[in-house]
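This report refers to the structure that appears directly beneath it.
Any read-out appearing in this document is the output of simple, stated calculations on the displayed coordinates, not a laboratory observation. Everything numeric in this text was worked out from a predicted model, so none of it was measured. Reconstructed Cβ throughout: ideal geometry from the backbone, glycine too, with neighbour counts over all protein chains shown.
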């Protein structure tokens, strides 16, 4: 959307609708209706309690929202022309009427929420343009874009983040690596029994069918019946992913990770949720498709503009140089997901503000030679979050302290090696108030993006840098055995192990012993004959 106060009410209304589509499971429902489309939820707004993301009141609406309500029409920039509408297959086919695919069907869910708040007579008008549409969004003649436009792209050679306003993130695309699967060759050295090899392959295929490696497979197993229990360490953890799971799931709350692991191993649970990475030897580990992003947070308004641009410039360079990966790799088993709200392939397009003309908070940093950062804790009680960050140690260790070292190296390279990082240790709301009045310049980047401030989205009261990284919670399920070579060198052993039949393993060993004994006798007789 266009920047400025005229956008505020419409932005809040869009955020309210987006949060309700997340909470109601519309993303998952629409994605599953359009295979093989896959959706990743990126939560910049908390979706657990939609009532805390209220719609602005229609009677007092201002700016763009008032224009929408007066004209009964929400004008949305769409990519294409009236004579050349796109067909992106499962993502969206706009050549047909009505359009089908993920994005058209998501917009139907969005408009259902919007109309429920403002009236069923509100029309969605797509304004089809391939060029010039962005300028119409920025002057307000088009109210907003379709949600599929790319967040991290540039406008007039600079970050869109610096010229546009953005709603709560609707969803993210996650790119995938792939490689050729290694072929498996089964050799039966004793019997050369093709029938046994075929039976072993059938058994392994059955094991493979029971394996759960994706959220889609998990939901399929839950829908098909049998064990529908899943384990969580808190009710809040369950609620954070509830919209992405089958409605048949029965949550079970556990007090500790060891209890959670044991319940999956003994079959009490179909799967479980955890932050971090469990032992991949025993479990299949797969994404929840829900990402919680992290970014620096500052006060709103003109005073923070130059500092935010400087933060963005540093973040883009740390992404481009692979420093997120370096910090994560140095602190196993920490895992960081890159979430790009700013384009990182060309750092030159994200320049630092000049020190000589710096204003507001950035000028204060440069004049005082001190960057004051809100940190969670107190001087007598620093946190120890293990590989995430141990602030009790001297020097501090873990992912976040290491990342801040990379960050400050680049900040100092631009503005002077004498700039000092000062952590202001606070808990509760006092620290947030200091950020919002500018006495503390910004937060550490680990503060949660989608959390609330005074029971409203922080997005409505704070400004945010480019996203630094995201946390991704993981589901895990028991890994079925697929390699039976430890049971013995022959197909007989391995088939028996696959089928869980210890009697067969004993028989196979007896068979091999008899074979070897017969071979030894034959060799002895042959030696005597010679």
Checklist entry - How far is helix 305-320 tilted, in degrees, relative to the longest principal axis of the Cα atoms in the chain, given as a value from 0 to 90 rounded to the nearest 10? => result 20
Next on the checklist: Multiplying the sequence separation of residue 461 and residue 115 by 0.36 nm and subtracting their Cα-Cα distance, what value in nm do you get?
Outcome noted: 122.0 nm
Item to check | Rotationally averaged projected area of the chain (alpha carbon convex hull; nm²) | outcome: 34.1
Checklist entry - Between residue 201 and residue 128, what length comes free when the chain is fully extended (0.36 nm per residue of separation minus the Cα-Cα distance, one decimal in nm)? => result 20.9 nm
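Pairs of alpha-carbon atoms within less than 8 angstrom and 6+ residues apart define the contacts here; what relative contact order does the stretch 236-352 have, in percent?
Numbers: 53 pairs, mean separation 27.5, N = 117.
Reported as a whole number, the value is 23 percent.
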Checklist entry - Using Cα atoms only, what is the angle between the long axis of helix 102-118 and the major principal axis of the chain, expressed in degrees (0 to 90) to the nearest 10? => result 50
Item to check | In degrees, nearest ten, helix 194-210 long axis to first principal axis of the chain (Cα) | outcome: 30
Item to check | Distance from the stretch 255-289 to the stretch 28-70 (C-alpha centre basis), Å | outcome: 32
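Starting with the fewest neighbours, write out 69, 456, 10 ranked by other beta-carbon atoms found within 10 Å of each beta-carbon.
456, 69, 10
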Checklist entry - PRE reach from residue 150 (point 7 Å along Cα→Cβ): which of the stretch 447-485 fall under 18 Å by backbone N? => result 466-467
Next on the checklist: Let me check against my output: what whole-number percent is the relative contact order of the chain, with C-alpha pairs under 8 Å and at least 6 apart?
Outcome noted: 19
Checklist entry - How do 91, 345 rank when sorted from fewest to most other Cβ atoms within 10 Å of their own Cβ? => result 345, 91
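When the Cα atoms of the stretch 11-146 are enclosed in a convex hull and the volume is divided per residue, what value in Å³ results?
Dividing the Cα hull volume of the stretch 11-146 by its residue count gives 117 Å³.
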Item to check | Using distinct alpha-carbon pairs, which all enter the 1/r mean, Kirkwood radius of the stretch 297-462 in Å | outcome: 16.6
Item to check | Residue-averaged [θ]222 nm for the chain, counting only DSSP H segments that reach four residues, each worth -39500 (n - 2.57) | outcome: -11000 deg cm²/dmol
Checklist entry - Ordered by packing density, taken as the mean number of other Cβ atoms within 10 Å over each peptide's residues, highest first, how do 215-222, 412-419 rank? => result 215-222, 412-419
Checklist outcome for this item: Of all DSSP beta bridges having both residues in the chain, the percent classed as antiparallel (nearest 5) is 50
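Can you work out the FRET efficiency for the pair residue 429 and residue 409, with r the C-beta to C-beta distance and R0 = 30 Å, to the nearest 0.05?
Computed FRET efficiency for residue 429 and residue 409: 0.40.
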Checklist outcome for this item: Expressed in nanometres to one decimal, the distance between label points 7 Å along Cα→Cβ at residue 255 and residue 58 is 5.2
Checklist entry - For the stretch 5-162, what is the percent of antiparallel DSSP beta bridges, rounded to the nearest 5? => result 35
Checklist outcome for this item: In nm, the gap between the two label points placed 7 Å beyond Cα toward Cβ at residue 340 and residue 66 is 4.0
Checklist outcome for this item: Rounded to 0.05, the calculated FRET efficiency for the beta carbons of residue 84 and residue 349 at R₀ = 35 Å is 0.75
Next on the checklist: Can you classify the stretch 49-112 as rounded, prolate or oblate using the Cα gyration tensor, where a ≥ b ≥ c are the square roots of its eigenvalues, rounded means a/c under 1.5, and otherwise it's prolate if a/b beats b/c and oblate if not?
Outcome noted: oblate
Checklist outcome for this item: Taking only Cα atoms of the stretch 352-397, the Rg to Rh ratio with Kirkwood Rh works out at 1.18
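Sort 96-102, 139-145 for me by packing, meaning the mean count of neighbouring Cβ atoms within 10 Å per residue, highest on top.
Top to bottom by mean Cβ count within 10 Å: 139-145, 96-102.
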